[in-house]
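Colleague: This is the structure, below, for whatever I ask next.
Where a number appears in this text, it was derived from the coordinates with a stated rule and is not lab data. The shown structure was predicted, so the numbers you read here are calculated from the model rather than taken from an experiment. Note that each Cβ is placed from the backbone with ideal geometry, even for glycine, and that neighbours are counted across all protein chains shown.
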Amino acid sequence: MNIAFIPVRGGSKSIPLKNIKPIFGKPLVLWTAAAAVGASCIDRVVIATDSDAIRMCLSESGLPKIEIYDRLPENAADTSSTEDVMLEFIERSSLRANDRFFLIQATSPLLQSVHIEEACKTLRETGGDSLLTAVRDKRFYWNENGKPLNYDVQQRPRRQDFAGALMENGALYINSVENILRDRNRLSGNIVVYEMPEYTGVEIDEPDDWVIVEQLMKRHLADPRSPSADIRLFVTDVDGVMTDAGMYYGSDGVELKKFNTRDAVGLRLLRERGIKTAIITGENSRCVQDRADKIKIDYVFQGIEDKAAVLRQIWRETGITPGETAYIGDDVNDLSAIRIVGRSACPADAAEAVKAEVDVVLTRNGGHGAVREWCECVLKAGAEVPSRKDAYEKWE
C-alpha cells in the first residue's frame with residue numbers, strides 16, 4: 001500500500017495560519033492534498049494536524065480519499081520535527097513493513113500528481129530504498145574564506161554548459177515503513193533522486209516566498225476559480241504533443257509513432273466527466289487513427305492546414321462555444337486555433353512563438369505526459385485563464 005502523509009500544524013510564526021491561507025485561489029494545504037489524491041499510485045491520503053480550522057477546511061474541500069489524523073500536541077510544537085509526527089502516526093497505525101510512505105510537504109504547492117507518479121516509478125525501476133525530490137541548481141557557490149565550492153574560478157563555465165548540482169526541494173520523500181521505523185528518518189539505505197522542474201525549487205517559509213510561489217503558480221498551474229464545468233471540448237494536436245515529435249520508420253518503411261499511456265488515461269478521465277475530445281493534426285497517419293480509435297477520441301481530423309476552421313465546424317455542429325474549449329498545441333500551425341479558444345496550453349518544449357501566446361506553459365514535454373498534465377488542469381480546476389469572453393465573436 002502507498003500512503004501519502006501531509007503534516008500541517010496550526011501554528012506558524014512567519015505566516016499566521018499559513019496552511020489554510022488562500023494562495024492562487026484556494027488554501028495552501030489543498031494544493032498538495034489534491035496532487036496526492038490525483039496520483040494513481042496513492043492508495044491513502046493522510047493529513048496530520050492539530051488545528052480545528054485546518055480540519056474544517058479539509059472536511060469542506062470535497063476531496064476524496066482524505067483521512068484526517070489528529071497529531072499529538074507535543075509533536076505539533078515549534079521544536080517538533082517532521083520525523084516526530086511521521087513516527088507517531090506510523091507507530092499508532094496498523095501499517096505493514098513493506099508499505100510505502102510518501103511524505104509530502106504542504107509548503108511545496110507546485111508539486112503535481114504527475115511528479116508523484118513519476119517519482120514512484122523512478123524508485124520502483126531503480127530498486128532504491130528511498131527517494132527525495134530535487135531541482136537542478138546552476139548557481140556558483142563560495143565559502144566564507146573566498147573559495148569556490150562547485151567550479152574552477154579560472155575556467156568559469158557558461159551557465160548552459162554548467163551541470164550544476166541537485167538541490168533538495170522538500171516536496172516529496174518516499175521510504176518504506178520498515179526503514180523509517182528502523183532508521184528514524186525519512187530517508188535511508190540506497191537513496192534515489194527524482195529531478196523536478198527548476199521552478200519547483202521554492203518552498204514557502206517566509207512572506208517573500210509566498211509572493212514568488214503565487215507568481216509561479218499563475219504561470220504553471222491551474223486556477224481553481226475557473227471550474228472544469230466550463231470546459232466541454234478538449235482538443236489536442238498529435239506530433240510534438242501526444243508524441244515526442246520523432247519520426248520513426250520500420251524496416252518496411254511504415255511510419256511509427258510513440259504515444260504516452262498516461263495521456264490516454266487523462267483523456268479517458270475527461271470523457272468520464274462528459275467532456276468531448278478531439279484530435280486535429282496536419283499529418284495523415286494510419287497509426288494516429290488506430291490510436292484514436294483505441295482510446296475512443298470523439299472527433300479525429302487529419303491532414304488539416306486550417307485548424308481554426310475545423311474548430312468552427314465542431315462548434316457549429318455541437319453547440320459548444322469557443323469559451324468552453326481547451327486546446328493544446330506545440331507549433332506555429334496551432335496558433336490559429338490557440339487564438340480563438342477559451343483556454344490554451346503547450347508542452348514545455350513547444351516553439352517559443354507558441355509559448356508567448358498560450359495561457360499555460362506546461363512542465364512536461366510533448367510525448368512525455370504533457371497532455372495528461374493539461375487534462376489534470378481541466379479536471380481539477382479548469383485551465384489557467386484570463387478566460388477569453390470575446391472568443392465567440394472572434395470566429396462568428
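Colleague: If the only charges are +1 at each Lys and Arg Cβ and -1 at each Asp and Glu Cβ, what is the size of the charge dipole of the chain around the Cα centre, to the nearest 20 debye?
Modeller: That gives a dipole near 460 debye.
Colleague: Note down the nm distance, to one decimal, between modelled labels 7 Å out along Cα→Cβ at residue 357 and at residue 14.
Modeller: Distance between the two pseudo-spin positions: 4.1 nm.
Colleague: Determine, from the Cβ-Cβ distance of residue 155 and residue 211 and an R0 of 35 Å, the FRET efficiency 1/(1 + (r/R0)^6), rounded to the nearest 0.05.
Modeller: 0.40
Colleague: Rounded to whole Hz and in sequence order, give me ³J(HN,Hα) for segment 197-204 from the Karplus expression 6.51 cos²θ - 1.76 cosθ + 1.60, θ = phi - 60°, writing x for Gly and Pro.
Modeller: Rounded to whole hertz, the list is x, 4, 5, 7, x, 9, 9, 8.
Colleague: Then there is this: Normalised by the number of residues in the chain, what is the relative contact order in percent for Cα pairs under 8 Å and 6+ residues apart?
Modeller: Relative contact order, the chain: 14 percent.
Colleague: Sticking with this one: Filter 121/307; 18/65; 258/296; 21/218; 65/258 down to the pairs with a C-alpha to C-alpha distance above 26 Å, please.
Modeller: 121/307; 65/258, as the Cα separations exceed 26 Å there.
Colleague: A further question on this structure: Can you give the extra length, in nm with one decimal, that the chain gains between residue 126 and residue 296 once fully stretched, where that is 0.36 nm per residue apart less the Cα-Cα distance?
Modeller: Result for the pair: 57.8 nm of gain on full extension.
Colleague: Once the piece of chain linking residue 91 and residue 313 is laid out straight, how much longer is it, given 0.36 nm per residue of separation minus the C-alpha distance between them?
Modeller: 73.9 nm
Colleague: Going highest first, how would you order 340-346, 35-41, 91-97, 101-107 by mean Cβ packing within 10 Å?
Modeller: 340-346, 101-107, 35-41, 91-97
Colleague: Calculate, for residue 72 and residue 336, the FRET efficiency according to 1/(1 + (r/R0)^6) with r their C-beta to C-beta distance and R0 51 Å; round to the nearest 0.05.
Modeller: It comes to 0.30.
Colleague: Also: Please report the antiparallel percentage of the DSSP beta bridges confined to the chain, to the nearest 5.
Modeller: Taking every DSSP beta bridge with both residues in the chain, the antiparallel ones total about 30 percent.
Colleague: Using the charge dipole of the chain (Lys, Arg: +1 at Cβ; Asp, Glu: -1 at Cβ; taken about the Cα centre), state which of 113, 135, 15 has its Cα farthest towards the positive end.
Modeller: In the chain, that residue is 113.
Colleague: Which of the peptides 294-300, 191-197, 77-83, 333-339 is most tightly packed, and how do the rest follow, going by the mean number of other Cβ atoms within 10 Å of each residue?
Modeller: Most protected by this proxy first, the peptides run 333-339, 191-197, 294-300, 77-83.
Colleague: Separate question: Within segment 104-135, what residues put their amide N at less than 15 Å from the label point 7 Å along the Cα-to-Cβ vector of residue 191?
Modeller: Correct set: 128-135.
Colleague: Output needed: Cys residues of the chain lacking any neighbouring Cys C-beta below 4.7 Å, sorted by number.
Modeller: 57, 287, 346, 375, 377
Colleague: From the helices alone, meaning DSSP H stretches of at least four residues, give me the mean residue ellipticity at 222 nm for the chain, per-run term -39500 (n - 2.57), in deg cm²/dmol to the nearest 500.
Modeller: -9000 deg cm²/dmol
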